[in-house]
Every structure is written in structure tokens, then in C-alpha cells.
Amino acid sequence: MPTPQIMQRHPLNATMTDNFTPSFADNPALFVQWLRDVAPYVHTFRDKTFVIAFDGELVEQGHLEDLAYDVSLLRAMGMRIVLVHGARPQIEKQLSLRDKTSEFFNGVRITSSDALNAVKEASGALRLSIEAAFSQGLPNTPMSGANINVVSGNYITAKPIGVVNGVDFLHTGEVRKVAHDDIAKQLSMGNVVLLSPLGFSPTGEAFNLTNTEVAAEVAAALKADKLIMLSDQAVLGVDGDWVSEYDAAQARATADMLDLDHPLRPWLIAGCSAVERGVARAHIIPSDLDGSLLLELFRHEGVGTMITKKLLENIRPATANDLGGILQLIAPLEQNGTLVPRGREKIEAELPLFSVIEHDNYIFGCAALFPFNAEKMAEMACFSIDQDAQGTGLGNRILKHMEQRAKREGFERLFVLTTRAGHWFLKNGFTAGNVDDLPNDKKSMYNWQRKSQIFIKKIV
């Protein structure tokens, strides 16, 4: 895996915001289509449990109100929400007021008695600010009529970290137990549960925890559907492109390459920990992009980095359930003359010949392999990639899959007929041919009016 670069997401903000602003007032049909596109996600997410974690920086930067708006919308759509806040900048302010300085070891705060008091002060103030944000109800605002109840409690049992490599972490702790049944009861009553980076021991001691660990442990204990983490950092690959998806192994490898005190490292570790213990997906999304929570959940491409136990992309043989997706893919190409119209009945009959590439249950590409056994040749036809996914490498991956499939089935050469993509096939190892190079049965079916170019590739 290439070494990633960790960079601020700010340079992307302008373009993202511009692209995500539909002019509904000028085009009511656009609004109707948008609402129809969102509806499947609403159905899918209803009654699902989301754990949403954010740093104290989000509050400092003035984004708390926007987060409250978006969370209230999720709650209105029937989603169960647990919020886990951080408090690092607020703790620093409290320590400064006491003329104290912070001590860290390997990126973890050493919590002295003074620091613990600062943690309590900061967490208490933040809790009040968050509860106030969710108590808004002015007309003509996203919170109008929301009536959201935010509850907190001693749901986290903690234990001290103790002494590590000769360093006593004092009142810094780690999660020992999560009262998941009590949290689930509050969620079933329609309440939003708010958790702070504080835990309590059976002896009544308070311990300072990291919000990333609390979020991961709570998500795992609740068997949450998503762990969503808002961060001002994003993962970009070595080519500078945004990394949209990691499996757990890739995310952990990335975390291991970062400095121990890098701000993104705990988010990656939390995401890995959660998905490895049964949480379906973890997301790291930009905290400084307005509406990033909604954009990640209700747009297939999202705006952050998703972590799953295994990558969601899959190339496989087509099934009857894929018929609609295949027809949708090839329809534009049939309309503009790139593909010869085949009709629904013919595609349905040829489904065993098709392979599809899907991501997160959405069909993004397809191709069919037609055999000509006498000449040990196979034709790749109906090759199509979703317009929104072009330029992402999906075409190369499905081509490689079809080549491997043809080889497994005993064919020695693969050929295609195309009117527009000749250069792409040449770039991928095909050579130009002519009608005489085609199998005999294909020669008789060649449409001279279309003047399709012929490209052939040896696959043995």
C-alpha cells in the first residue's frame, strides 16, 4: 500500500460546497429528483444506531450549531444517536487559567489532579453548550419543532492506565465497561445520549479518557451500525487524492505510519477497533465542511474516508437481481449509439454471460463474455462504466477480471468491437484487427454500417 499523506481538507471545501448547492428554487424538478434519491437512505437508516464523535475544536470553531441542526434531522428520520465529545482545547484553556501546563506521553495526556479538575470544568461547560444547542426551537430554523431530549449519565466505567514505560498517567484512564443496556434504553425512548471523555471507577474516582476510545467502545458495545468521527484532518494518498475507503488492515497500517501524537492517528485506530469488533462501518469526515454529516450519509460517494472490515468493491457474476442495474448502465450508451440496442429480454437471457462490478450494493460497471469456442476466442461486449465512476480505475479492474475469466474458460484471445473507445483498448494491450480476424460466426454478424473498430488481445 502506498504511503499516504495526511493533509488538511480545507483546499477541498470550496469546490465541495459549490458542487453541493442545487438551485431548487429555479428547478423544482431537481428538488423532486433529489428527494427521491435520498429516500432509499432514509428507509435504510431508520432505527439504526449511529455513534457520532467530535473534538472540542469543532465547538471552538463555531460548528456546534450546524452539527445540532444535522443531528436533529437524523433524529427526525428515526435514527438513534449517541454523541461523544472531546474537550482538548477547552482543557488547555482551563489549565492556562490555573497557570498550569499540559503533559503528554505518546500523544496521551498525563492527568494530574489539577488537570483532572480542568477536565471536569471543560467537560461540564461543553455539556451545557451542547444541551443548549439542541434546545433551540425558533420558527424558520432547522430545530423548529424538534423537541430533542439530550441525556447524559455515568454510562462509562473506567480504570486507570497506570504506569507505562516508567510513566505514571495518574488520573488518565481507559474504558473498562460500557452500560450499553442503559444507553440502548434511552435511545429506544427517542433521546440523544451525550457522553463526555470522563469515566468513573467502582470506587467513585473519575478518570480522563480519550473521546476516540469512548466512541469506539460504545459503538462496539451497542453493535452500532456506524461510527462517525468528525475531524479537521483528512487522508490523502501519495498522489494527493482523497482516500475514500480503507479496509481495517489498510487503516491500521496508515495509523502505524503516523507519529504517535498525530491528531488523525486516534481516529484511525478507533475506526479499526470498531469495525474489527462488529461495527459495520466507520467514517472519518471533515468537521469544517458544513453539512458533511448529511453529505456522507445521503450521497453514495460521500465526503470522507470510510473504514470497513473488508473493502466493499466486488466484481462477480451477474444475477437476476442485477438486471435493472445493467439496463440502467447501458441505456445511455444505446441511446447515443455507442452500443447496439439489445432489449430487456435479450439481456435477461444473456445474464449468465455478464459480470458486474458493485460497490456498497450499487452496480457501477458491467461487461459480457460471448464465447466462440471453435476459434478459442471470446468477445467482450456491453462494456459499460457508470458516468460518475469514470476515471476511477473501475474500467481497468473489470477488464482485468474479464481477461482472467476468459483465460479460466480456456480462451486464448479476447476481442472487442467499438466505435469510440479504440484508444483506451490500445492503451490496455489490445492490437487493431480487421473483420477477417474475427471468428466465422461473428464475421457473418458484422454490421458494416456501424464500421466498428476491432481490437484483439492474446490472453494466454
- Message: Rounded to the nearest 5, what % of DSSP beta bridges with both residues in the chain are antiparallel?
- Response: 60 percent
- What aspartates and glutamates could a cross-link reach from K310, if we take a straight Cα to Cα line under 16 Å and drop same-chain neighbours fewer than 8 places away? D225, E245, D247, E276, E358, D360
- In whole Hz, what ³J(HN,Hα) sequence does the stretch 273-278 give by Karplus (6.51, -1.76, 1.60; θ = phi - 60°), x for Gly and Pro? 4, 5, 6, 5, 10, x
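With an 8 Å Cα cut-off and a minimum separation of 6 or more residues, compute the relative contact order for the stretch 314-458 in percent. Don't skip to the answer; put the middle values down first.
Numbers: 208 pairs, mean separation 29.0, N = 145.
For the stretch 314-458, the relative contact order is 20 percent.
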- Item | Contour excess over end-to-end distance, with Cα ends at D441 and L30 and 0.36 nm allotted per residue | 143.2 nm
- Number of Lys-Lys pairs in the stretch 68-223 under 21 Å by Cα, sequence gap 8 or more or different chains? 8
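If a/c stays under 1.5 just call it rounded; otherwise compare a/b with b/c (prolate if a/b is bigger, oblate if not). Do that for the stretch 322-377, with a ≥ b ≥ c from the square roots of the Cα gyration tensor eigenvalues. Don't skip to the answer; put the middle values down first.
Working: a/c = 1.89, a/b = 1.32, b/c = 1.44.
Oblate.
Can you tell me, using C-alpha contacts under 8 Å and at least 6 residues apart, the relative contact order of the chain as a whole percent?
Working: 802 pairs, mean separation 57.8, N = 460.
Relative contact order of the chain: 13 percent.
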- By how many degrees, between 0 and 90 and to the nearest 10, does the Cα long axis of helix 10-19 differ from the longest principal axis of the chain? 60 degrees
- Message: Rounded, prolate or oblate for the stretch 402-444? Axes are the square roots of the Cα gyration tensor eigenvalues, ordered a ≥ b ≥ c, and the cut-off for rounded is a/c under 1.5.
- Response: oblate
- Ordered by residue, what ³J(HN,Hα) values in Hz, to whole numbers, does the stretch 242-255 give under the Karplus form 6.51 cos²θ - 1.76 cosθ + 1.60, where θ = phi - 60° and Gly and Pro are x? 5, 8, 8, 8, 10, 8, 4, 5, 5, 5, 5, 5, 5, 4
- Item | Reachable lysines, given that their alpha-carbon falls under 27 Å from the alpha-carbon of K443 and they are not under 8 places away in the same chain | K346, K376, K400, K407, K427, K451, K457, K458
- Query: Check Q453: other-chain or 5+ apart residues with amide H under 5 Å from its amide H, H built from backbone geometry?
  - Reply: T418, T419
- Task: Calculate one ³J(HN,Hα) per residue across the stretch 293-304 by plugging θ = phi - 60° into the Karplus curve 6.51 cos²θ - 1.76 cosθ + 1.60, and present them in order as whole Hz with x for glycine and proline.
- Result: 4, 6, 5, 6, 7, 10, 10, 4, 6, x, 9, x
- Message: Given the options H171, A53, A76, identify the residue whose Cα lies farthest towards the positive end of the charge dipole of the stretch 5-311 (+1 on Cβ of Lys, Arg; -1 on Cβ of Asp, Glu).
- Response: A76
- Message: For a quick check: with amide H placed at 1.01 Å from N, whose amide H comes under 5 Å from F364's, ignoring anything fewer than 5 positions away on the same chain?
- Response: I357, E358, H359
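For the chain, what is the charge dipole size about the Cα centre, in debye to the nearest 20, if Lys and Arg each add +1 at the Cβ and Asp and Glu each add -1 at the Cβ?
Numbers: 45 positive and 55 negative charges, 283 e Å.
Roughly 1360 debye, rounded to the nearest 20.
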- Item | Three-way shape call for the stretch 273-348 based on the alpha-carbon gyration tensor, with the a/c threshold at 1.5 | oblate
- Which three extents, in whole angstrom, do the alpha-carbon atoms of the stretch 5-311 cover along their principal axes, largest first? 64, 46, 37
- Going by alpha carbons, how many degrees (0 to 90, nearest 10) lie between the helix axis of 64-76 and the longest principal axis of the chain? 60 degrees
- Selection from A248, T141, H43 lying farthest towards where the dipole of the stretch 5-311 points positive, charges on Cβ: H43
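Quick note: the coordinates plus some simple rules give every number you see, no bench work behind them. Predicted, not measured: the structure shown is a model, and the values here were computed from it. Note that each Cβ is placed from the backbone with ideal geometry, even for glycine, and that neighbours are counted across all protein chains shown.
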